[in-house]
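Reviewing the structure listed below.
The values are calculated or read from the model by the stated rules, or taken from the named source; none is laboratory data. In this text the structure is predicted, and so the values were computed from the model without any measurement. FYI the Cβ positions are ideal-geometry reconstructions off the backbone, even for glycines, and counts take in every protein chain you see. What goes into the accessible areas is simple: the full protein's heavy atoms, side chains included, and nothing from ligands, DNA or RNA. Shrake-Rupley method; radii C 1.70, N 1.55, O 1.52, S 1.80 Å.
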Amino acid sequence: MTIQETLRACPLVRLDARLLLMAATGFDRMYLLAHDDESLTVAQQSAFDALVARRMAGEPIAYLLGQREFYGRMFAVTLDVLIPRPETEHLVDAALLKIGRERAAYVLDLGCGSGAIAVTLALEAPQWQVAAVDLSAAALQVSVHNAAQLGAKVAFREGSWYVPLPETSRFDLIVSNPPYIHQDDHHLQEGDVRFEPRMALTDGADGLSCLRAIAAGALARLLPGGYLMVEHGYDQGEACRKLFSEAGLLAVETLPDLAGLDRVTLGCAPQ
């Protein structure tokens, strides 16, 4: 079959079909358009059919392609990490705005996953010294790869939240996109989420235990006037503000995403 015939016969939406064909053949979009009457080899057709079958079974495009764009850069992703999402860019925006790109700062990303947040902050604010922590060794391998590929300097540590950090480590900014989905949330059984690492999605409880631990330990790790910022669910803004206030953080507020939903809660340490 030709490229044109293959795309026309594919049951997927055209964009997904084209992306998978590019992955199967190594051709870019312009090549597919300019050579749509060219026949695929048996190997190319077989590789494409296999990817289509996996997509039809619900596997996310990001995992099939092995990458996802975040903040204008391509990040490698595997089944060991969450797929970076546009909503998380609001956390990056808030961090850059509050701290300032030009000043020197010590920054920590808790539960870094693919490294999308930590690597992006390191590249967007070269004056910052960025550290990142994750409990999963497999996820850290992806983070380290992305940092190396994109030229970001990030210090990675394996462990649970603040535990692997030196006792004397203090930060101007702590950010996190932790597991915050309630264990009974129906979204865990739907769409792309079904294929993502469960431990990165839910705490196996009320969805607040990780946020609670991060908030409770923040003051001991923040420099005076330093900020804690977390991404959370659309219905968790009030709960997060309460956790932050109970932990002793000041000027607590919740920022909305582009849909107007609660997305990022932040607070600062006393001066």
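If I ask for residues that are within 19 Å of Ala116 (Cβ to Cβ) and not hydroxyl-bearing (Ser, Thr, Tyr), which ones from region 172-197 would you list?
Of region 172-197, the ones within 19 Å of Ala116 (Cβ to Cβ) are 173-181, 192-193, 195-197.
Matches in region 172-197: Leu173, Ile174, Val175, Asn177, Pro178, Pro179, Ile181, Asp192, Val193, Phe195, Glu196, Pro197.
Go through region 58-85 and give me each residue that's under 10 Å from the mean Cα position of the chain (by Cα), in contact (Cβ under 8 Å) with a residue 60 or more places away in the chain and over 17 Å from Leu140 (Cα atoms).
none
Within the group Ala122, Ala116, Ala155, which residue is over 21 Å from His90 (Cβ atoms) and among the small types (Gly, Ala, Ser)? Give the derivation first.
Working: Ala122 fails: over 21 Å from His90 (Cβ atoms); Ala116 fails: over 21 Å from His90 (Cβ atoms).
Testing whether each residue is over 21 Å from His90 (Cβ atoms) and among the small types (Gly, Ala, Ser) leaves just Ala155.
So which residues in region 7-31 are aliphatic (A, V, I, L, M) and either more than 22 Å from Tyr63 (Cα to Cα) or touching a His at 6+ places or on another chain (Cβ under 7 Å) (or both), if there are any at all?
So the first thing to find is which residues in region 7-31 are aliphatic (A, V, I, L, M), and the list is 7, 9, 12-13, 15, 17, 19-24, 30.
Scanning region 7-31 gives Ala9, Met30.
What single numbered condition from (1) in contact with a Leu (Cβ under 9 Å, 6 or more places away or on another chain); (2) farther than 22 Å from Glu190 by Cα; (3) surrounded by fewer than 18 Cβ atoms within 10 Å (Cβ to Cβ) fails to hold for Asp28?
Going through the list (1) in contact with a Leu (Cβ under 9 Å, 6 or more places away or on another chain); (2) farther than 22 Å from Glu190 by Cα; (3) surrounded by fewer than 18 Cβ atoms within 10 Å (Cβ to Cβ), Asp28 breaks only (1).
Of Val119, Val133, which residue is in contact (Cβ under 8 Å) with a residue 40 or more places away in the chain, buried (at least 20 other Cβ atoms within 10 Å of the Cβ) and under 22 Å from Met199 (Cβ atoms)?
Values: Val133 fails: in contact (Cβ under 8 Å) with a residue 40 or more places away in the chain.
Within the list Val119, Val133, the selection yields Val119.
Anything in region 1-13 that is loosely packed, with under 11 Cβ neighbours inside 10 Å, without any contact (Cβ under 8 Å) to a residue 24 or more places away in the chain and either of a type in the set (Ser, Thr, Tyr) or over 21 Å from Gly66 (Cβ atoms) (or both)? List them, or say none.
The initial filter retains those residues of region 1-13 that are loosely packed, with under 11 Cβ neighbours inside 10 Å, namely 9, 11, 13.
Narrowing further to those that are without any contact (Cβ under 8 Å) to a residue 24 or more places away in the chain: 9, 13.
Within region 1-13, Ala9 is the sole residue that qualifies.
Answer with yes or no whether Ala147 is on the phi < 0 side of the Ramachandran plot, outside any loop (DSSP other than H, G, I, E, B), buried (at least 24 other Cβ atoms within 10 Å of the Cβ) and small (Gly, Ala, Ser). Quick ask: steps written out before the conclusion?
On the way: on the phi < 0 side of the Ramachandran plot: yes; outside any loop (DSSP other than H, G, I, E, B): yes; buried (at least 24 other Cβ atoms within 10 Å of the Cβ): no; small (Gly, Ala, Ser): yes.
Taking the combined requirement at face value, the residue does not satisfy it.
Could you tell me which residue of region 60-116 is most open to solvent (accessible area, probe 1.4 Å), considering only residues that are of a type in the set (A, V, I, L, M, F, W, C) and part of a loop (DSSP other than H, G, I, E, B)?
Ranking the candidates gives Leu79 first.
Could you check region 61-80 and list, in sequence order, the residues that are out of contact with any strand residue (DSSP E or B) (no Cβ under 9 Å at 6 or more places or on another chain) and under 18 Å from Arg198 (Cβ atoms)? Even if it seems obvious, please write down each step before you answer.
Taking region 61-80 and keeping what is out of contact with any strand residue (DSSP E or B) (no Cβ under 9 Å at 6 or more places or on another chain), we get 63-65, 70-73, 78-80.
Those that are out of contact with any strand residue (DSSP E or B) (no Cβ under 9 Å at 6 or more places or on another chain) and under 18 Å from Arg198 (Cβ atoms): Tyr63, Thr78, Leu79, Asp80.
Tell me whether region 237-254 contains one or more residues that are farther than 14 Å from Leu91 by Cβ and in contact with a His (Cβ under 9 Å, 6 or more places away or on another chain).
yes
Can you name every one of the strands (runs of 3 or more DSSP E) wholly within region 191-271 that holds 1 or more residues which are open to solvent by less than 30 Å² (accessible area, probe 1.4 Å) and of a type in the set (Gly, Ala, Ser)? Explain how you work it out, then say what you get.
Numbers: elements: 222-231, 250-256, 262-268.
Qualifying strands (runs of 3 or more DSSP E): 222-231, 262-268.
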